[in-house]
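Comments concern the structure below.
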Amino acid sequence: MDDLSSGRLANLEWAIREGGATFVYWDVSAPASETIAEVRKATQRPLEAIYHLASPASPEAYGAHPWETLSVNAVGTMSLIELALQDRALLLFTSTSEVYGDPLVNPQPETYFGNVNPIGPRACYDEGKRFGEAAMSVAIAKRGLNGRIVRLFNCYGPRMDARDGRLIPALIGAALNKQPLPIHGNGLQTRSLTYIDDVVGGILHVARCEFPRATPVNLGNDEELSVIEIAKRVANVCGVEFVAEHLPPRPEDPSRRRPDLTRAHAVGWAPTTSVDEGIAKTVSWFVDAARIYSAA
């Protein structure tokens, strides 16, 4: 179920064709009764699990659509809670490392409450996700929801939109076009890159785990790298010289980002894809995608 505001139906063609998936074009920010009605049109069977990943996730996307970002993480989450309760289904909410804001603690454990500006330029995303977590926790504690919360750190991989402004596709796009690699600010801010296969595996693993249900779990790679180091690795994989183009820093851009994975390890999950391996797989996909689209 997706309104395709930040996605492409082509990304789902294989799942629909080979996996028997049903696609529903819909904005989950709609009132719960309307969302439930759309689901019933697609299937009369009670749902077993709902994975709520709907939200813009790049500064450009949520900066251009701040109200929609707030809505999908607040109203959308509350609507999906109603659907999950009606069907007695599991609901997993994908939150974000952005709930930690510009952290004063490194690495960031799930017990850290964060350093977030509730009226800043990133608030629609940060606070939207924080509200989603709050709604989940109340529904779990007071309404019997079978819920899970994961906090994702800097996800990347194939099928990303090269134009959405996130770090990895921006760097790969520039490198493949033999352009300077864009770096906001001085490039010393750190990120912890998590390859998509690890993210999906972590989400499914947490969904199956039995532990306190309102307990968020960090899903990420705890190898902390500066943006400059990441850019150099992208240049190396793409076989180009590292030449940086320094752009103005993003407003309130977090200076550190590294997950404490103690809780994830305790439930039996850890990332297995190295940064260099993940970048190589992502570059390969972008090269193939460019070839396919140019031939179409």
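The values are calculated or read from the model by the stated rules, or taken from the named source; none is laboratory data. Just so it is clear, the structure is predicted and the values come from calculations on it, not from any experiment. When we count neighbours, we look across all protein chains shown, and the Cβ atoms used for this are built from the backbone with ideal geometry, even at glycine.
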Some residue of segment 163-183 being at pLDDT 95 or above, in contact with a Pro (Cβ under 8 Å, 6 or more places away or on another chain) and either surrounded by fewer than 16 Cβ atoms within 10 Å (Cβ to Cβ) or of a type in the set (Phe, Trp, Tyr) (or both): no
Number of the exception - Ala214 against (1) assigned to a helix (DSSP H, G or I); (2) under 20 Å from the mean Cα position of the chain (by Cα): (1)
Condition check for Glu133: buried (at least 19 other Cβ atoms within 10 Å of the Cβ), in contact with a strand residue (DSSP E or B) (Cβ under 6 Å, 6 or more places away or on another chain), among the charged types (D, E, K, R) and at negative phi: yes
Hits in segment 181-210 - residues which are within 16 Å of Asn154 (Cα to Cα) and of a type in the set (S, T, N, Q): Gln189, Thr190, Ser192, Thr194
Count of segment 11-20 residues which are loosely packed, with under 11 Cβ neighbours inside 10 Å and either outside any loop (DSSP other than H, G, I, E, B) or in contact (Cβ under 8 Å) with a residue 12 or more places away in the chain (or both): 4
Residue satisfying all of: in segment 243-282; of a type in the set (Val, Ile, Thr) and farther than 22 Å from Thr111 by Cα; surrounded by the fewest Cβ atoms within 10 Å (Cβ to Cβ) among these: Thr272
Residue identified as buried (at least 23 other Cβ atoms within 10 Å of the Cβ) and either in contact with a Phe, Trp or Tyr (Cβ under 9 Å, 6 or more places away or on another chain) or over 30 Å from Ala89 (Cα atoms) (or both) among Val240, Val227, Val217: Val217
Subset tally (residues that are loosely packed, with under 15 Cβ neighbours inside 10 Å, more than 18 Å from Val24 (Cβ to Cβ) and either out of contact with any Cys (no Cβ under 8 Å at 6 or more places or on another chain) or of a type outside the set (A, V, I, L, M, F, W, C) (or both)) for segment 34-78: 1
Lone qualifier among Asp222, Asp198 - being surrounded by fewer than 20 Cβ atoms within 10 Å (Cβ to Cβ), acidic (Asp, Glu) and touching a Ser or Thr at 6+ places or on another chain (Cβ under 9 Å): Asp222
Residue satisfying condition, being farther than 22 Å from Leu4 by Cα, in contact with a strand residue (DSSP E or B) (Cβ under 8 Å, 6 or more places away or on another chain) and either modelled with pLDDT of 95 or more or outside any strand (DSSP E or B) (or both), within set Ile140, Ile119: Ile140
Subset of segment 217-249 [part of a loop (DSSP other than H, G, I, E, B) and not acidic (Asp, Glu)]: Gly220, Asn221, Gly239, Val240, Phe242, Val243, Pro248, Pro249
Residue match in segment 89-98 (condition: surrounded by fewer than 19 Cβ atoms within 10 Å (Cβ to Cβ) and more than 18 Å from the chain's Cα centre (by Cα)): yes
